[in-house]
Amino acid sequence: MHLDEYITRRRQLAKQYDEMLKGTDLILPFEAAYGNHAYYIYVVRHPERDYVMEELKKHDIIVNISYPWPIHTMTGYAHYGLGDGSLPVTEKVAKEIFSLPMYPSLTDEQQKIVVEKLKKICNKKR
């Protein structure tokens with residue numbers, strides 16, 4: 001498979017996630033009209049991220065936190081003078097985002113299983 005095929009498949013999977021997850025309490029990625037997202041990762045947002053991730057893991061569905069810390073809190077960026085508490089919205093969002101399975105060999109059936117489990121978890125009252 002070549003790069004163009006990888007990107008085409010990732011975009012197809014992203015579109016399917018978009019369609020299957022609309023109407024849930026997940027905040028889904030946005031693709032601006034002027035660009036074409038390659039969907040290296042498919043990042044969603046949920047206020048109870050850790051709970052959702054734990055429940056998915058019980059079903060052998062592994063999701064990822066690709067960016068666990070906001071960049072302004074990392075040591076390498078301390079010289080900018082921003083630290084914990086300086087960007088509260090960014091810090092809140094960082095605690096709510098995670099990446100769903102997104103790789104070209106993910107089958108439509110596997111993706112449907114991820115979505116079915118995810119919807120059940122998100123609809124479950126805690």
Check your understanding: How many residues does segment 104-115 contain that are within 24 Å of PHE30 (Cβ to Cβ) and surrounded by 13 or more Cβ atoms within 10 Å (Cβ to Cβ)?
Key -> 5
Check your understanding: Only one of (1) β-branched (Val, Ile, Thr); (2) in contact with a Leu (Cβ under 9 Å, 6 or more places away or on another chain); (3) over 17 Å from ILE113 (Cα atoms) fails for THR24. Which number is that?
Key -> (3)
Practice item. For segment 34-62, enumerate the residues that are closer than 22 Å to LEU3 by Cα, of a type outside the set (Ser, Thr, Tyr) and more than 11 Å from the chain's Cα centre (by Cα). Key: GLY35, ASN36, HIS37, ALA38
**Study point:** Subset tally (residues that are free of Cβ contacts under 8 Å to residues at least 24 places away in the same chain, surrounded by 12 or more Cβ atoms within 10 Å (Cβ to Cβ) and not in a helix (DSSP H, G or I)) for segment 54-88
**Key:** 4
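Okay, residues lined up against (1) modelled with pLDDT under 95; (2) of a type in the set (S, T, N, Q); (3) touching a Ser or Thr at 6+ places or on another chain (Cβ under 9 Å):
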residue	(1), (2), (3)
GLU19	no, no, no
ALA33	yes, no, no
ARG45	no, no, no
ARG49	no, no, no
LEU56	no, no, no
ASP60	no, no, no
PRO68	yes, no, no
TYR80	yes, no, no
GLN111	no, yes, no
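Is there a residue in segment 7-16 that is under 16 Å from LYS117 (Cα atoms) and either in contact (Cβ under 8 Å) with a residue 40 or more places away in the chain or out of contact with any strand residue (DSSP E or B) (no Cβ under 7 Å at 6 or more places or on another chain) (or both)?
Yes: segment 7-16 contains one or more residues that are under 16 Å from LYS117 (Cα atoms) and either in contact (Cβ under 8 Å) with a residue 40 or more places away in the chain or out of contact with any strand residue (DSSP E or B) (no Cβ under 7 Å at 6 or more places or on another chain) (or both).
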Check your understanding: Any residue at all in segment 9-24 that is under 13 Å from the mean Cα position of the chain (by Cα) and either of a type in the set (D, E, K, R) or not in a helix (DSSP H, G or I) (or both)?
Key -> yes
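Report the residue count in segment 36-53 for those that are assigned to a loop (DSSP other than H, G, I, E, B) and among the acidic types (Asp, Glu).
As a first pass, look at segment 36-53 and keep what is assigned to a loop (DSSP other than H, G, I, E, B): 36-41, 46-48.
In the following step, the residues that additionally are among the acidic types (Asp, Glu) were identified as 48.
Residues flagged as assigned to a loop (DSSP other than H, G, I, E, B) and among the acidic types (Asp, Glu) within segment 36-53 amount to 1.
The values are calculated or read from the model by the stated rules, or taken from the named source; none is laboratory data. In this text the structure is predicted, and so the values were computed from the model without any measurement. So basically every Cβ, Gly included, is an ideal-geometry build from the backbone, and we count neighbours across all protein chains shown.
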